[in-house]
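Q: This is the structure, below, for whatever I ask next.
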Amino acid sequence: MKFEAIERETVILDPNNNMERKSIPSEIRKDPLTGRTSRICHFMPLKWEKPDFDQLVAGTQEYCPFCPDKVMKVTPCFPEDIVPEGRMVLDDKVLFPNIAPYDSLGACATFSGQHFIPMTDIAPGHIVDAFRLAIQFFQRVEDMQHPESVYHLINWNYMPASGSSLIHPHLQVFASAYAPNLLHEELSCAKTYYQQQGTNYWDDLVNTEKAEGRRFLGRIGRTSWLTVYAPLGVAGDIIAVVDSAKCTLDLTAEDIEDLAQGLTNLMSAYDKMGVYNFNMNFFPGASGDDHARFHLVFSPRTFFNQALGTPDVGALRNLYNEGICMAFPEEINEKLKPEF
Ligand SMILES: [Zn+2]
């Protein structure tokens, strides 16, 4: 496994130091599986100001379709052949069709009846129940042998900088025969890797990172947690790999608890840096894909300029899909490790 980095140096005449020559380092890193590149640059302190949450959240409850007084009235229902009871309910969590679908089997699932859950108040139990509800939905479409029951995907946009238009915590839940771009690319590269090496890429990644140590965070049950070598996120990305699991439906009840625990560990660590938004996606294979290994990726999100609402994704990332990370993933690892 090759962890390739191309070091770069920029020389400028520094206006803050009488126009003296100043050398600024940066690094282009290649993802060991796909070869996709990310830039490690800027080197700003990973420290952001959190907003006044009372002010941010004020008034958003009145029009929130996911709050308990509205969710059973204004959200759509599935047709009888998919979910006979219309919506799936687990305690105060509700799963219903996504009113703005991007595939034929899409749902939203709320985390609870609570409109705003601050990131550090998200308990493992919230995540366990929300994932369980989503997986019950996946199991139903699997049991009916629905043609889209191939990749069972959960996406989580938490708070506005992540792309969420609602404060109320919820998951995007969909099953599709078409893997989204990066998942498709990963699976395709992992298949080639498996054919050439005879081993599973993610198993090799976990073993290599565990031995190397600088990006390894720890183990919870049979989940391994690592900072990503060539991340997409400006404050790094974290991957959790589940031993032996190939697809989402391979996850056991213990796996879900372990993933939930690790995710709350990450939230606690990033909260200390002032981060309060994130994305989280499942990256599963299809059932029986020996080259796949279930993993999820957690990516903290922020604003580059909060007052202007400037997102942390600009042209370089949006149109070239080139990652920009403001610290070395090995240094980010040191900030996260106390939580593991
Ligand atoms: Zn709400």
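Q: Kindly provide the set of residues from the stretch 82-104 that are more than 22 Å from Val128 (Cα to Cα) and modelled with pLDDT of 95 or more, ordered by number. Give the derivation first.
A: Initially, the stretch 82-104 is screened for residues more than 22 Å from Val128 (Cα to Cα), giving 82, 84-86, 99-104.
Listed by number, the residues that qualify are Ile82, Pro84, Glu85, Gly86.
Q: Looking only at the stretch 67-85, count how many residues are under 25 Å from Gln139 (Cα atoms) and not in a loop (DSSP other than H, G, I, E, B). First the steps, then the outcome.
A: Step one: of the stretch 67-85, the residues under 25 Å from Gln139 (Cα atoms) are 71-72, 75-85.
Narrowing the set further to residues that are not in a loop (DSSP other than H, G, I, E, B) leaves 71-72.
Qualifying residue count for the region: 2.
Q: Can you spot a residue in the stretch 325-338 that is more than 22 Å from Ala5 (Cβ to Cβ), touching a residue at least 40 places away in the same chain (Cβ under 8 Å) and over 17 Å from the mean Cα position of the chain (by Cα)? Before you say what the answer is, go through the steps one by one.
A: So the first thing to find is which residues in the stretch 325-338 are more than 22 Å from Ala5 (Cβ to Cβ), and the list is 338.
With the extra rule that they be touching a residue at least 40 places away in the same chain (Cβ under 8 Å), the set shrinks to 338.
Now drop any that are not over 17 Å from the mean Cα position of the chain (by Cα), which leaves 338.
Yes, there is a match, as at least one residue in the stretch 325-338 is more than 22 Å from Ala5 (Cβ to Cβ), touching a residue at least 40 places away in the same chain (Cβ under 8 Å) and over 17 Å from the mean Cα position of the chain (by Cα).
Q: Considering only the stretch 213-229, state which residues are in contact (Cβ under 8 Å) with a residue 40 or more places away in the chain and over 15 Å from the mean Cα position of the chain (by Cα).
A: Arg214, Arg215, Phe216, Leu217, Gly218, Ile220, Tyr229
Q: Quick check: anything in the stretch 292-303 in contact with a Leu (Cβ under 9 Å, 6 or more places away or on another chain), of a type in the set (Gly, Ala, Ser) and not in a loop (DSSP other than H, G, I, E, B)?
A: Yes.
Q: Consider Ala130 carefully, then state whether it is at pLDDT 95 or above, assigned to a helix (DSSP H, G or I), within 16 Å of the ligand (Cβ to nearest atom) and of a type in the set (A, V, I, L, M, F, W, C). Lay out the reasoning, then the answer.
A: Working: at pLDDT 95 or above: yes; assigned to a helix (DSSP H, G or I): yes; within 16 Å of the ligand (Cβ to nearest atom): yes; of a type in the set (A, V, I, L, M, F, W, C): yes.
When the stated conditions are applied, Ala130 passes them.
Q: May I pose another question? So Arg29 fits all but one of (1) away from the ligand (no atom under 16 Å from the Cβ); (2) part of a loop (DSSP other than H, G, I, E, B); what number is the exception?
A: Arg29 satisfies every listed condition except (2).
Q: Let me ask you something else. Check the stretch 27-38 and report whether any residue there is surrounded by 11 or more Cβ atoms within 10 Å (Cβ to Cβ) and farther than 30 Å from Ser188 by Cβ.
A: Taking every residue of the stretch 27-38 in turn, none turns out to be surrounded by 11 or more Cβ atoms within 10 Å (Cβ to Cβ) and farther than 30 Å from Ser188 by Cβ.
Q: Going through the stretch 208-246 one residue at a time, which ones are part of a strand (DSSP E or B) and under 13 Å from Pro300 (Cβ atoms)?
A: As a first pass, look at the stretch 208-246 and keep what is part of a strand (DSSP E or B): 216-220, 223-227, 238-242.
Hits for the stretch 208-246 are Thr227, Ile238.
Q: In the stretch 48-82, which residue that is surrounded by fewer than 10 Cβ atoms within 10 Å (Cβ to Cβ) and closer than 30 Å to Gly236 by Cβ is farthest from the ligand (Cβ to nearest atom)?
A: Glu49
Q: When you check Met144 against the structure, is it surrounded by fewer than 14 Cβ atoms within 10 Å (Cβ to Cβ), more than 24 Å from the chain's Cα centre (by Cα) and more than 16 Å from the ligand (Cβ to nearest atom), yes or no? Can you show your working first?
A: Details: surrounded by fewer than 14 Cβ atoms within 10 Å (Cβ to Cβ): yes; more than 24 Å from the chain's Cα centre (by Cα): yes; more than 16 Å from the ligand (Cβ to nearest atom): yes.
Considered against the rule, which asks whether it is surrounded by fewer than 14 Cβ atoms within 10 Å (Cβ to Cβ), more than 24 Å from the chain's Cα centre (by Cα) and more than 16 Å from the ligand (Cβ to nearest atom), Met144 comes out as yes.
Q: Counting only residues that are surrounded by fewer than 18 Cβ atoms within 10 Å (Cβ to Cβ) and part of a loop (DSSP other than H, G, I, E, B), how many does the stretch 314-327 have?
A: Selection size over the stretch 314-327: 3.
Q: If I go through the stretch 89-123 residue by residue, how many of them are away from the ligand (no atom under 16 Å from the Cβ), part of a loop (DSSP other than H, G, I, E, B) and either under 20 Å from Asp271 (Cα atoms) or touching a Cys at 6+ places or on another chain (Cβ under 8 Å) (or both)?
A: 2
The values are calculated or read from the model by the stated rules, or taken from the named source; none is laboratory data. Because the structure is predicted, anything quoted here is derived from the model rather than measured. Reconstructed Cβ throughout: ideal geometry from the backbone, glycine too, with neighbour counts over all protein chains shown.
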